[in-house]
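Computed from the coordinates by the stated procedures, all read-outs in this text should not be read as laboratory data. Keep in mind that what you see is a predicted model, and the values were worked out from it rather than measured. We place every Cβ from the backbone using ideal geometry, glycine too, and count neighbours over all the protein chains shown.
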Amino acid sequence: MLSKKAKISLISTTPVSERIIAIGLKDLTANLSVIQVYAPDSSRSDEDSEKFNIKLQSLTDPFPKKA
């Protein structure tokens, strides 16, 4: 759910899975990417957690890394 102001700034939405979504927002001076996740808890299998981590990593890889 976004505020009215945020909706005006929305430039993209990328649903990655039922647990991961990314949105792009445009500001006056820059673009902002927001990634919202609902990570599996410890009751989930290691396989589920690993699949989640791989999807999240593939989404964050293109972003520049800060030192």
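Which of the residues that make up the range 39-67 are of a type in the set (Asp, Glu) and either touching an Asp or Glu at 6+ places or on another chain (Cβ under 9 Å) or part of a loop (DSSP other than H, G, I, E, B) (or both)?
ASP41, ASP61
Report, by residue number, each residue of the range 3-31 that is aliphatic (A, V, I, L, M) and surrounded by 12 or more Cβ atoms within 10 Å (Cβ to Cβ).
ALA6, LEU10, VAL16, ILE20, ILE21, ALA22, ILE23, LEU25, listed by residue number.
How about the range 15-31: which of its residues are without any contact (Cβ under 8 Å) to a residue 24 or more places away in the chain and within 11 Å of the chain's Cα centre (by Cα)?
Result: PRO15, ILE21, ILE23, GLY24.
Here is a list: ILE35, ILE21, ILE11. Which entry is touching a helix residue (DSSP H, G or I) at 6+ places or on another chain (Cβ under 9 Å), assigned to a strand (DSSP E or B) and not aromatic (Phe, Trp, Tyr)?
ILE35
Of everything in the range 1-36 that's in contact with a strand residue (DSSP E or B) (Cβ under 8 Å, 6 or more places away or on another chain) and among the small types (Gly, Ala, Ser), which residue is nearest to GLN57 (Cα to Cα)?
ALA22
For the range 23-66, what are the residues that are polar (S, T, N, Q) and farther than 19 Å from ILE11 by Cβ?
Scanning the range 23-66 gives SER42, SER43, SER45, SER49, ASN53, GLN57, SER58.
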